[in-house]
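So the structure is just underneath, and the comments pick up after that.
The values are calculated or read from the model by the stated rules, or taken from the named source; none is laboratory data. Just so it is clear, the structure is predicted and the values come from calculations on it, not from any experiment. Counting neighbours? That spans all protein chains shown, and the Cβs are built from the backbone with ideal geometry, glycine included.
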Amino acid sequence: MTGSSTTLSRVTIAENQAAVNGGGILADGVMTLENVTISGNVAVSQGGGIFSDASLTLNNVTLDGNRARSTAQGPAILVNTGTTRGSNTAIGPHQRFAFAPGDPPVLTCRAIAGSLTSLGHNVRDPAEVASCFFGDPGDSGGTISFGPLQLNGGQTRTHALLSPGSNAAVDRGNPATPLDGSNGRCGATDQRGQPRPVDGNRDSRSRCDAGAFEVQPNEGGGGGGGAGAFSVQASTHQAQPGQPVVLSFGWTVPSPEVWRASTASTSGCWTSADSRSSSCAGPRPATATSSWTPPAASWQPGCPARRPS
Ligand SMILES: [Ca+2]
Ligand SMILES: [Ca+2]
């Protein structure tokens, strides 16, 4: 893409291929990317995701799985000339074609004649060489677990952030307000139009995520908290008036929550912090029972309560 001034917002650029440079974007002029996902693009030469001769600004951008072949590298971003600046951007694993033992490490991002500048709060996967937008104290590294590129709501495909309790991109964006997408601050909504900030890692502090996807309270593939699942089951035995019907109440505990019992005699499990058991990892059911005694009616499984004939 070329032009004097271009802004891309809430856009996914995926699975394109360039015969030479810039598999996803060939940037010129002045360009801004806000809430954009760039994934699975290929450049036969340089800049699998982005090849830039522009004054380019990235904010809340997700870069994942782009590839480039050239020894000049830059499977995510190759800055040929100009200045490329990034904030709140999540950078997942990238590859170079024909990588062989003894080859130098892949520089996921590389500036040849221009510059790569961090505006802070970018997150990179540890598989990457620290070449993308690093140098600001707010930048960080850690394992980013992306879901597949798919519709997760909104109009475009996105990479969800999985296991938000331990995902390095969750709640690592710029905490500054207002969330107006300016000066390295997050925007108030993600690529899908979902609100920021959300407390994705459930530490009682709401903060925007790095990348184009903000984990919502009910998201995360079992790792995002939420209320969990509830169920009630009644005894399968017939009961007459005066006999109890046992009701079983079940709650599947959403990670990263744990079920803690108040006494050792109560059903449940404990975390290692309680020094009694460490078997609470992952979602698991916690059950409790109660009973109901039919008054002047009998009860049979699968039937409404009825009065005896
Ligand atoms: Ca939080
Ligand atoms: Ca968040």
Qualifying residue in the stretch 105-125 (condition: modelled with pLDDT under 90 and loosely packed, with under 15 Cβ neighbours inside 10 Å): yes
Residue count, the stretch 187-209 (criterion: more than 9 Å from ligand 2 (Cβ to nearest atom) and crowded, with 17+ Cβ neighbours inside 10 Å): 7
Residue under evaluation Ser166, criteria (1) modelled with pLDDT under 95; (2) closer than 13 Å to Asn59 by Cβ; (3) of a type outside the set (Val, Ile, Thr), criterion not met: (2)
Residues (part of a loop (DSSP other than H, G, I, E, B) and basic (Lys, Arg)) located in the stretch 139-198: Arg172, Arg185, Arg192, Arg196
Flag if Pro195 is without any contact (Cβ under 8 Å) to a residue 24 or more places away in the chain, closer than 23 Å to Pro148 by Cα and either more than 12 Å from ligand 1 (Cβ to nearest atom) or outside the structural domain of Ala127 (by TED's automatic domain parsing) (or both): yes
Among the residues listed as Ser182, Ser204, the single one being outside the structural domain of Arg124 (by TED's automatic domain parsing), more than 15 Å from the chain's Cα centre (by Cα), within 14 Å of ligand 1 (Cβ to nearest atom) and more than 21 Å from Gly92 (Cα to Cα): Ser204
